[in-house]
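Enquirer: Take a look at the following structure, please.
The values are calculated or read from the model by the stated rules, or taken from the named source; none is laboratory data. Note that the structure is a prediction, hence the values are computed from the model and not measured. All Cβ positions, even for glycine, are placed from backbone atoms using ideal geometry, and neighbour counts span all protein chains on display.
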Amino acid sequence: MRKFFSNPAVREGLRVLIAVSSALLLGFIVTLFVSEDPLGAYKAFLLGPVSKFNRFGDWIEESITLIFVGLSVAIAFKANLFSMGTEGQLLLGALVSGSIALFVPLPAILRIPLAIIAAMVAGFIWGWIPGYLKAYLDANEIVSTLMLNAIALKLYDYFLIFHIKPPDAGYNSSDFFPKEGTLMSFIPNLPFLKGVYTLFSDKTNITIMLYILIIAVIAAYYLIYRTPFGYKLRMIGANIKFARYGGINTKRTIILVFAISGIFGGLAGAHLTMGIHTKLIANISVGMGFEGIVVSILARNNPLLIPFTGLAYGYLRAGANVMERASDMSREMVFVIQALIILFVTAERFLPTIQKRIEMRKENNTHMEKLAPSDGGSHEV
Amino acid sequence: MKFDLVLKGIFSAMFLASIMRISTPLILPALGGLITELAGAINIALEGIMLTSAFTGVVVSAFTQNIWLGVLAGIAAGVLFSAILAYFHLYLETDIILAGIALNIMATGGTIFLLYILTGDKGNSSTLASGMVPVVEIPFIKDIPFFGTILSGHNIFVYAAIVLTFLTYIMLYNTKFGIHLRAVGENPTAATSLGIPVRSIKFTSILISGFLASLGGLNLSMAYLSLFQREMTAGRGFIALAAVYLGGRRPWGTFLAAILFGAADALSNQFGTLDIPSQWVQMIPYVITILALVIYALRRKAQITEQTKRFQERELAKVNNNNNA
């Protein structure tokens with residue numbers, strides 16, 4: 001039992017579990033005071049996403065976006081580069097892929113790959129800029145990426161309002177994409193899968209983006225942990241001066257880190273337009289980039305853990321929507337719960353007593369182990 | 001013809017006065033951002049602090065029917081909110097950027113949540129009869145043509161922004177606390193070794209930035225508008241951070257940078273009557289900020305090479321002198 005608790009992974013898991021449950025508990029206490037049917041409201045919040053098939057779809061769709069933006073952030077943060085630029089990359093990815101989906105007259109088999117690749121390129125370029133500024137001019141990446149986000153948002157609005165939306169439309173959104181520009185359901189439309197196909201394609205918008213996402217997760221993991229580039233990236237994250245001293249071309253690596261992080265941001269944008277909304281809308285992303293930071297940090301910037309934190313975070317958001325529809329509670333209450341979770345999980349000294357006690361115990365043990373053989377040795381002499 | 005009108009509009013005293021009014025909710029949080037930036041604790045939560053204060057001010061002034069109680073409560077809420085940031089960052093060792101993001105999410109959600117409970121509306125607080133701070137005419141100055149219109153007849157926050165920029169300057173460069181604060185930001189280890197209480201100075205700097213940001217928030221809901229709107233800060237907390245950098249991390253520089261952002265905003269409204277898309281005009285300050293980052297970096301690079309060169313020359317001269325002797 002002791003060994004079980006001294007395992008750092010278990011300890012970390014326990015910490016997260018306690019953090020999440022205390023945040024949920026605080027949320028429940030608030031609900032008790034505010035709601036006329038607190039139990040019903042909380043039940044809708046906690047079980048909502050799995051209570052109906054279309055809600056399940058909402059949850060997965062939301063999570064796919066969150067995981068993409070999480071991966072984007074993880075790559076930069078792993079190198080200790082605090083890029084906030086995912087939001088802008090997402091917006092431009094959405095703009096570019098959406099325009100191609102709308103206007104390029106190609107069959108679906110060519111149009112969709114072209115749109116997705118274009119989104120990746122857009123993200124790559126929009127990530128390259130702050131990377132260059134950081135690498136060659138040592139410009140603060142937080143400020144430069146925030147500015148680029150604002151610029152991307154203005155570009156997005158400009159093209160949407162002045163060039164993309166139908167000229168006589170009273171609303172700020174494009175037409176729906178034609179069938180050739182919409183992502184197909186992740187279940188292939190084959191005769192023997194007919195039933196499953198209609199179920200999923202009628203009730204949900206889970207598309208082939210799911211497969212691209214799985215590839216992206218594995219690719220991000222391989223890139224960070226199994227390639228020379230990833231090694232350089234992690235070295236820069238650990239100690240940039242040491243990395244430079246060790247002969248790593250830090251400038252080139254930093255630029256690439258930002259740019260590659262942008263690819264995933266662009267993919268998130270393509271998913272939002274061609275998968276979920278199937279048109280370009282104003283305010284397509286409200287702070288998604290920041291949500292990505294949260295998803296990545298909760299996963300300790302590890303690409304293999306990001307799907308789990310993304311799904312968990314998406315679950316909270318989807319549950320919040322269900323709760324709002326099913327009860328008198330507003331979904332914004334869940335924002336507060338999310339914030340508490342972030343604060344508790346990222347506080348290094350949250351629950352220090354538990355950690356300290358375990359650490360002390362562990363230290364004692366290793367101390368004893370160290371002492372034992374050396375004592376034995378002295379006897380032999 | 002149309003263009004004429006727009007030009008006339010731009011160079012009118014009314015327009016310049018409106019720039020002052022639009023800039024104030026940027027100047028105040030920017031000063032807060034400057035102080036934390038110089039103390040080495042980047043405050044991403046300015047946005048959240050502003051929202052919290054804007055909301056609290058409106059609610060308290062509506063329920064007590066006293067403007068000044070509302071202002072006081074708004075300030076208290078903002079400072080308290082920034083204290084959470086400081087506590088988590090300095091005592092629980094949370095990364096300050098993440099804590100800032102978390103607090104922004106909390107403020108956005110929390111204000112809408114409470115607004116809904118109090119008014120049954122998620123959009124704005126128009127059903128609450130909240131107060132507005134008074135507009136002040138400055139005697140004598142208000143009678144000067146042109147300048148009178150620009151300088152006089154603003155709400156108290158506009159004057160507060162100017163006075164507080166001056167006070168921030170004095171505090172940072174002419175007081176012991178300010179010198180300690182900048183030392184902490186420059187090199188916390190060195191500051192510690194000199195016996196400067198790094199943690200408490202950072203804590204105080206975050207509280208001061210909370211105070212300044214809360215004034216910015218109150219300005220939005222009790223002067224600029226007379227109600228609270230959801231997400232009414234609309235990214236001003238982040239623009240304020242940019243103003244700090246654009247202003248070269250100095251009080252008056254930050255002040256002017258914030259005015260530049262405000263001017264671009266005001267201009268884009270004016271250009272709305274022409275066929276220039278407002279997006280292009282609104283983009284200008286962000287592009288300028290990036291350019292300013294670049295120029296700042298290049299200048300610093302040049303300074304460093306210059307310093308190394310001088311140092312080498314000096315050392316060389318010393319060596320030569322020794323050899324001659």
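Enquirer: Would you point out the residue of segment B:205-243, among those that are hydroxyl-bearing (Ser, Thr, Tyr) and out of contact with any Leu (no Cβ under 8 Å at 6 or more places or on another chain), that is nearest to the other protein chains (Cβ to nearest Cβ)? Talk me through it step by step, then tell me what you get.
Expert: Narrowing segment B:205-243 to residues hydroxyl-bearing (Ser, Thr, Tyr): B:205, B:209, B:214, B:221, B:224, B:226, B:233.
Applying the additional criterion that residues be out of contact with any Leu (no Cβ under 8 Å at 6 or more places or on another chain) yields B:214, B:224, B:226.
Working: B:Ser214: 19, B:Tyr224: 20, B:Ser226: 23 Å.
Looking at residues that are hydroxyl-bearing (Ser, Thr, Tyr) and out of contact with any Leu (no Cβ under 8 Å at 6 or more places or on another chain), I get B:Ser214.
Results for (1) over 20 Å from B:Val71 (Cβ atoms); (2) touching a Cys at 6+ places or on another chain (Cβ under 7 Å); (3) modelled with pLDDT of 85 or more, shown as yes or no for each residue.
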| residue | (1), (2), (3) |
| --- | --- |
| B:Gly120 | yes, no, no |
| B:Asn124 | no, no, no |
| B:Ala129 | no, no, no |
| B:Asn155 | no, no, no |
| B:Ser200 | yes, no, yes |
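Enquirer: Taking only pairs six or more apart or across chains, which ones have beta-carbon atoms under 9 Å, a first residue in segment B:279-297 that is facing another protein chain (nearest Cβ under 7 Å), and a second residue that is not in a helix (DSSP H, G or I)?
Expert: B:Ile290/A:Ala139; B:Leu293/A:Ala139; B:Leu293/A:Asn140; B:Val294/A:Ala139; B:Ala297/A:Asp138; B:Ala297/A:Ala139
Enquirer: Can you tell which of A:Glu62, A:Glu12 is more than 12 Å from A:Leu316 (Cα to Cα) and charged (D, E, K, R)?
Expert: That would be A:Glu12, the only listed residue that is more than 12 Å from A:Leu316 (Cα to Cα) and charged (D, E, K, R).
Enquirer: Given the condition under 22 Å from A:Ala74 (Cα atoms), out of contact with any Asp or Glu (no Cβ under 6 Å at 6 or more places or on another chain), of a type outside the set (Lys, Arg) and assigned by TED's automatic domain parsing to the domain that holds A:Val104, answer yes or no: does some residue in segment A:178-190 qualify? Give the derivation first.
Expert: Residues of segment A:178-190 that are under 22 Å from A:Ala74 (Cα atoms), as a first pass: none.
No, that holds for no residue.
Enquirer: OK, next. Mind telling me which of the residues A:Tyr222, A:Tyr211, A:Tyr245 ends up being in contact with a helix residue (DSSP H, G or I) (Cβ under 8 Å, 6 or more places away or on another chain) and exposed (fewer than 15 other Cβ atoms within 10 Å of the Cβ)? Spell out the reasoning first.
Expert: On the way: A:Tyr211 fails: in contact with a helix residue (DSSP H, G or I) (Cβ under 8 Å, 6 or more places away or on another chain); A:Tyr245 fails: in contact with a helix residue (DSSP H, G or I) (Cβ under 8 Å, 6 or more places away or on another chain).
Being in contact with a helix residue (DSSP H, G or I) (Cβ under 8 Å, 6 or more places away or on another chain) and exposed (fewer than 15 other Cβ atoms within 10 Å of the Cβ) holds for just one of A:Tyr222, A:Tyr211, A:Tyr245, which is A:Tyr222.
Enquirer: Answer with yes or no whether B:Val287 is under 25 Å from A:Ala135 (Cβ atoms), of a type in the set (Val, Ile, Thr) and within 17 Å of the chain's Cα centre (by Cα). Before the answer, list the steps.
Expert: Details: under 25 Å from A:Ala135 (Cβ atoms): yes; of a type in the set (Val, Ile, Thr): yes; within 17 Å of the chain's Cα centre (by Cα): no.
No; evaluated as a whole, the condition is false for this residue.
Enquirer: Also, I was wondering about something else. If I filter segment B:305-325 for residues that are more than 9 Å from every other protein chain (Cβ to nearest Cβ) and outside any helix (DSSP H, G or I), do I get at least one hit? First the steps, then the outcome.
Expert: Taking segment B:305-325 as the starting set, the residues that turn out to be more than 9 Å from every other protein chain (Cβ to nearest Cβ) are B:305-325.
Right, trim to outside any helix (DSSP H, G or I) and you get B:325.
Within segment B:305-325, one or more residues are more than 9 Å from every other protein chain (Cβ to nearest Cβ) and outside any helix (DSSP H, G or I).
Enquirer: Determine whether B:Ala257 is crowded, with 17+ Cβ neighbours inside 10 Å, farther than 25 Å from B:Ala107 by Cβ and within 14 Å of chain A (Cβ to nearest Cβ). Outline the logic, then answer.
Expert: Working: crowded, with 17+ Cβ neighbours inside 10 Å: yes; farther than 25 Å from B:Ala107 by Cβ: no; within 14 Å of chain A (Cβ to nearest Cβ): yes.
No: the conditions fail for B:Ala257.
Enquirer: For the condition aromatic (Phe, Trp, Tyr) and facing chain B (nearest Cβ under 10 Å), what is the one hit in A:Phe177, A:Phe162?
Expert: Details: A:Phe177 fails: facing chain B (nearest Cβ under 10 Å).
Within the list A:Phe177, A:Phe162, the selection yields A:Phe162.
Enquirer: Just one of the numbered conditions (1) over 19 Å from A:Ser63 (Cα atoms); (2) touching a His at 6+ places or on another chain (Cβ under 9 Å) is not true of A:Tyr231; which one?
Expert: If we test A:Tyr231 against (1) over 19 Å from A:Ser63 (Cα atoms); (2) touching a His at 6+ places or on another chain (Cβ under 9 Å), just (2) comes out false.
Enquirer: Given the structure, is A:Tyr221 among the hydroxyl-bearing types (Ser, Thr, Tyr) and touching a residue at least 12 places away in the same chain (Cβ under 8 Å)? Show your work before the answer.
Expert: Numbers: among the hydroxyl-bearing types (Ser, Thr, Tyr): yes; touching a residue at least 12 places away in the same chain (Cβ under 8 Å): yes.
So A:Tyr221 fits the description; yes.
Enquirer: State which residue is farthest from B:Leu227 (Cα to Cα) when the search covers only segment B:37-58 and only residues that are surrounded by 24 or more Cβ atoms within 10 Å (Cβ to Cβ) and away from chain A (no Cβ under 13 Å). It would help to see each step written out before you state the result.
Expert: So in segment B:37-58, the residues surrounded by 24 or more Cβ atoms within 10 Å (Cβ to Cβ) come out as B:39, B:43-58.
So of that shortlist, the ones also away from chain A (no Cβ under 13 Å) come out as B:39, B:49-50, B:53-54, B:56-58.
Details: B:Ala39: 34, B:Ile49: 17, B:Met50: 14, B:Ser53: 12, B:Ala54: 9, B:Thr56: 11, B:Gly57: 10, B:Val58: 7 Å.
Ranking the candidates gives B:Ala39 first.
Enquirer: Give segment A:156-167 a look and list any residue that's surrounded by fewer than 24 Cβ atoms within 10 Å (Cβ to Cβ) and touching a helix residue (DSSP H, G or I) at 6+ places or on another chain (Cβ under 7 Å), or say none.
Expert: The answer is A:Asp157, A:Tyr158, A:Phe159, A:Ile164.
Here's the yes/no breakdown for (1) touching a residue at least 60 places away in the same chain (Cβ under 8 Å); (2) aromatic (Phe, Trp, Tyr):
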{"residue": "A:Gly27", "(1), (2)": "yes, no"}
{"residue": "A:Phe33", "(1), (2)": "no, yes"}
{"residue": "A:Phe45", "(1), (2)": "yes, yes"}
{"residue": "A:Pro49", "(1), (2)": "yes, no"}
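Enquirer: Hey, any hits in segment A:11-30 for a residue that's basic (Lys, Arg) and buried (at least 24 other Cβ atoms within 10 Å of the Cβ)?
Expert: No - not one qualifying residue is present in segment A:11-30.
Enquirer: Using the structure shown, decide if B:Phe271 is aromatic (Phe, Trp, Tyr) and either over 22 Å from B:Leu31 (Cβ atoms) or surrounded by fewer than 15 Cβ atoms within 10 Å (Cβ to Cβ) (or both). Can you show your working first?
Expert: Values: aromatic (Phe, Trp, Tyr): yes; either over 22 Å from B:Leu31 (Cβ atoms) or surrounded by fewer than 15 Cβ atoms within 10 Å (Cβ to Cβ) (or both): yes.
For B:Phe271, the condition - aromatic (Phe, Trp, Tyr) and either over 22 Å from B:Leu31 (Cβ atoms) or surrounded by fewer than 15 Cβ atoms within 10 Å (Cβ to Cβ) (or both) - is met.
Enquirer: If you take the residues in segment A:296-311 that are of a type outside the set (S, T, N, Q) and either modelled with pLDDT of 90 or more or not assigned by TED's automatic domain parsing to the domain that holds A:Tyr225 (or both), which one is nearest to A:Ile224 (Cα to Cα)?
Expert: Within segment A:296-311, the subset of a type outside the set (S, T, N, Q) is A:297-300, A:303-308, A:310-311.
Imposing the further condition that a residue be either modelled with pLDDT of 90 or more or not assigned by TED's automatic domain parsing to the domain that holds A:Tyr225 (or both) reduces the set to A:303-308, A:310-311.
Numbers: A:Pro303: 9, A:Leu304: 11, A:Leu305: 13, A:Ile306: 14, A:Pro307: 16, A:Phe308: 18, A:Gly310: 19, A:Leu311: 22 Å.
Selected residue: A:Pro303.
Enquirer: I would also like to ask the following. So, in segment A:107-143, exactly how many residues are within 8 Å of another protein chain (Cβ to nearest Cβ), free of Cβ contacts under 8 Å to residues at least 24 places away in the same chain and at negative phi? Walk me through it before giving the result.
Expert: Looking only at segment A:107-143, we keep the residues that are within 8 Å of another protein chain (Cβ to nearest Cβ), and these are A:133, A:137-140, A:142-143.
Those still in the list that are free of Cβ contacts under 8 Å to residues at least 24 places away in the same chain too: A:133, A:137-140, A:143.
Cutting the leftovers down to at negative phi gives us A:133, A:137, A:139-140, A:143.
Residues flagged as within 8 Å of another protein chain (Cβ to nearest Cβ), free of Cβ contacts under 8 Å to residues at least 24 places away in the same chain and at negative phi within segment A:107-143 amount to 5.
Enquirer: Does B:Tyr245 satisfy being over 19 Å from the mean Cα position of the chain (by Cα), buried (at least 18 other Cβ atoms within 10 Å of the Cβ) and under 22 Å from B:Gly185 (Cα atoms)?
Expert: So B:Tyr245 fails the test.
Enquirer: Working only within segment B:95-126, note down all residues that are within 7 Å of chain A (Cβ to nearest Cβ) and either touching a His at 6+ places or on another chain (Cβ under 9 Å) or acidic (Asp, Glu) (or both).
Expert: As a first pass, look at segment B:95-126 and keep what is within 7 Å of chain A (Cβ to nearest Cβ): B:95, B:97-99, B:101-103, B:105-106, B:108-110, B:112-113, B:116-117, B:122.
B:Asp95, B:Ala99 - these are the residues of segment B:95-126 that are within 7 Å of chain A (Cβ to nearest Cβ) and either touching a His at 6+ places or on another chain (Cβ under 9 Å) or acidic (Asp, Glu) (or both).
Enquirer: Collect the residues in segment B:207-227 that are under 17 Å from B:His89 (Cα atoms) and touching a Gly at 6+ places or on another chain (Cβ under 9 Å), keeping them in residue-number order.
Expert: If we filter segment B:207-227 for residues that are under 17 Å from B:His89 (Cα atoms), which is where we start, we get B:207-210.
Those that are under 17 Å from B:His89 (Cα atoms) and touching a Gly at 6+ places or on another chain (Cβ under 9 Å): B:Ile208, B:Ser209, B:Gly210.
Enquirer: Pick from A:Ser83, A:Ser99: which is assigned by TED's automatic domain parsing to the domain that holds A:Met209, of a type in the set (Ser, Thr, Tyr) and at pLDDT 90 or above? Spell out the reasoning first.
Expert: Numbers: A:Ser83 fails: at pLDDT 90 or above.
Just a single option satisfies the conditions, and that option is A:Ser99.
Enquirer: So, one more: Among the numbered criteria (1) at positive phi; (2) facing another protein chain (nearest Cβ under 8 Å), which one does B:Leu92 miss?
Expert: The failed condition is (1).
Enquirer: Here's a follow-up. Among the residues of segment A:319-336, which ones are facing another protein chain (nearest Cβ under 9 Å) and without any contact (Cβ under 8 Å) to a residue 60 or more places away in the chain? Walk me through it before giving the result.
Expert: Let us first name the residues in segment A:319-336 that are facing another protein chain (nearest Cβ under 9 Å), namely A:329-336.
Selection gives A:Ser330, A:Arg331, A:Glu332, A:Phe335.
Enquirer: Starting from residues that are in a helix (DSSP H, G or I) and more than 10 Å from chain A (Cβ to nearest Cβ), keep the ones in segment B:269-278 and report whichever is farthest from the chain's Cα centre (by Cα).
Expert: First pass over segment B:269-278, keeping only residues in a helix (DSSP H, G or I): B:269-271, B:278.
From what's left, more than 10 Å from chain A (Cβ to nearest Cβ): B:269-271.
Values: B:Asn269: 22, B:Gln270: 24, B:Phe271: 26 Å.
Selected residue: B:Phe271.
Enquirer: If A:Leu155 satisfies every condition in (1) within 14 Å of chain B (Cβ to nearest Cβ); (2) touching a Pro at 6+ places or on another chain (Cβ under 8 Å) but one, which is the exception?
Expert: (2)
Enquirer: Within segment A:173-261, considering only helices (runs of 4 or more DSSP H) that don't extend past its boundaries, which have at least 3 residues that are touching a strand residue (DSSP E or B) at 6+ places or on another chain (Cβ under 9 Å)? Write out each step before concluding.
Expert: Numbers: elements: A:194-203, A:209-225, A:228-238, A:240-245.
Helices (runs of 4 or more DSSP H) meeting the threshold: A:194-203.
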